[in-house]
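Have a look at the structure below before the remarks.
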Amino acid sequence: MSMLGIKWKLHGTGKSIKPGHVVAPDERLAWPLTIGVGMQHVVAMFGATFLVPIITGMPPATTLFFSGIGTLLFLVITRGRVPSYLGSSFAFIAPIMASQQQFGVPGALGGVVMAGAALALVGAIVQKFGAGWINRLMPPIVTGAIVALIGLNLAPAAKQNFDAAPVTAVVTLATIILVSVLFRGILGRLSILVGVVVGYLVAMLRGEVSYDKMEAAAWVGLPQFQTPEFHVGVLGLFVPVVLVLVAENIGHVKSVAAMTGQNLDGVSGRALMADGAATVLAGFGGGSGTTTYAENIGVMAATKVYSTAAYWVAGVFAILLSFSPKFGELIATVPPGVLGGAATMLYGMIGILGVKIWVQNKVNFSNPVNLTTAAVALIVGIADYTWTIGDLKFTGIALGSAAALVIYHGMKAIAKARGTVAEPETEHAGLPSEAKAAAKRSPKKR
């Protein structure tokens, strides 16, 4: 049981958490409280996880099913050491939408499977040799650029939905913005979900919602499964996603390690393999690609409950919900205006997350290698440059990601050989000694 990570000790009395204490991954509260926390995790992932299949036209119930299955698989492969929920990854939105235009839904699912297999392979290499090589291949300047361009590349899709119902979209976006600053705790963290609900109500009043498919659906039934088709032409669309998922997964594992006070470096490879395996499974059945969810990490930070027992509850609860076709069709009734408002926020957030990576790692843009890497990659990604070679079609995300890697490592190698770049890659903490001295000499304002 301990090898599967499903053997938990009771934390204290199981009824409360003392100040300054946390419920560790191998602990649990009393089952009624654990079930409550687990259901809260489902609510936390709800808004973001469902937006991906709604935007891409995939079955929401199927995505929910594989989200729950993927979470349980993740807990087993990591042996219960990494509390995490696997929800739909936004990084898959652009490649799924682009591949659907050329190869349909089966072709997009094939891309999801290939991305998951590549991620699992990276995880196996990390588990064997450590994650140092990833940090060297994708330093913060490269990772930030790739994450940013994936979000900003989706801007036209957000605008298209926004234009379909501007009033509803504005209400949705305004609600998301206001809720994020008006409320604290879990409600503030669920601002996107609240915005979608309010926008949906407005869309109902404006006659923008159709319930025909929901009324025809059964209350209980299997999710809608689909099988993938494999085309070489989707490789260029999905390969960059792997780079983002690797960076995201490792970042989340480090966050959990910092919060729990445990060293999780030994299972970082397992976490990547688990994420990859869950994505492969989802692709073979018709679900969206998965990723570890920051929303649920936020719930852990708020509740101080890091128990993997709560995630087992969340996974099982998600699976049970997925067996209601009527519930799935209800989710699918979200109209374009609501999606446009929410997507404006979500896609922008993905772009800013890339900038956040630069800021947190103090990337120095006085260094021409960093500046050029970011500048070229972002323009290629945002403008959606394309390059077709036979059956292969590389779009802005693939070309922008490739540009970031090639320009960074190429320029760095040339500069090192020539000794031409004196600026450091990251900014030093504080002011240089000369600047500090000058500040001391300058007269103080009174």
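The values are calculated or read from the model by the stated rules, or taken from the named source; none is laboratory data. Please read all numbers here as calculations on a predicted model, not as lab measurements. Because the Cβ atoms are built from the backbone with ideal geometry, glycine has one as well, and the counts that use them run over all protein chains shown. The area values use the complete protein model at the heavy-atom level, side chains included, leaving out ligands, DNA and RNA. Shrake-Rupley method; radii C 1.70, N 1.55, O 1.52, S 1.80 Å.
When residues in segment 196-231 are screened for being over 22 Å from residue 45 (Cα atoms), assigned to a helix (DSSP H, G or I) and at pLDDT 85 or above, 4 of them pass. Looking at 193, 178 in this structure, which one is at pLDDT below 85 and hydrophobic (A, V, I, L, M, F, W, C)? Result: 193 is the single residue among 193, 178 that is at pLDDT below 85 and hydrophobic (A, V, I, L, M, F, W, C). When segment 336-360 is filtered for residues that are under 12 Å from residue 148 (Cα atoms), of a type in the set (A, V, I, L, M) and open to solvent by 30 Å² or more (accessible area, probe 1.4 Å), the ones remaining, listed by number, are 349, 352, 353, 355, 357.
Total residues in segment 361-371 satisfying the condition of being in contact (Cβ under 8 Å) with a residue 24 or more places away in the chain and either within 17 Å of residue 147 (Cβ to Cβ) or open to solvent by 50 Å² or more (accessible area, probe 1.4 Å) (or both): the figure is 6. The residue list 108, 157 contains one member that is open to solvent by less than 60 Å² (accessible area, probe 1.4 Å), touching a helix residue (DSSP H, G or I) at 6+ places or on another chain (Cβ under 6 Å) and touching a residue at least 60 places away in the same chain (Cβ under 8 Å), which is 108. Of the helices (runs of 4 or more DSSP H) contained entirely in segment 285-335, not one carries at least 3 residues that are buried (at least 20 other Cβ atoms within 10 Å of the Cβ) and charged (D, E, K, R).
All conditions in (1) open to solvent by less than 30 Å² (accessible area, probe 1.4 Å); (2) at pLDDT 85 or above hold for residue 5, with the sole exception of (2). Residue count for segment 31-66 under the criterion of being under 22 Å from residue 264 (Cβ atoms) and open to solvent by less than 10 Å² (accessible area, probe 1.4 Å): the result is 5.
Criterion applied to 126, 105, 82, 179 was being out of contact with any Lys or Arg (no Cβ under 7 Å at 6 or more places or on another chain), of a type in the set (Val, Ile, Thr) and closer than 22 Å to residue 286 by Cα, and the one residue passing it is 105. Among all residues of segment 168-175, there is none that is touching a Pro at 6+ places or on another chain (Cβ under 7 Å), touching a residue at least 12 places away in the same chain (Cβ under 8 Å), of a type in the set (A, V, I, L, M, F, W, C) and crowded, with 24+ Cβ neighbours inside 10 Å. The residue that is modelled with the highest pLDDT, among those in segment 418-445 that are of a type in the set (A, V, I, L, M) and under 26 Å from residue 144 (Cα atoms), is 421.
What do you reckon, is residue 78 of a type in the set (Ser, Thr, Tyr), touching a residue at least 60 places away in the same chain (Cβ under 8 Å), closer than 18 Å to residue 297 by Cβ and in contact with a Leu (Cβ under 7 Å, 6 or more places away or on another chain)? It is false that residue 78 is of a type in the set (Ser, Thr, Tyr), touching a residue at least 60 places away in the same chain (Cβ under 8 Å), closer than 18 Å to residue 297 by Cβ and in contact with a Leu (Cβ under 7 Å, 6 or more places away or on another chain).
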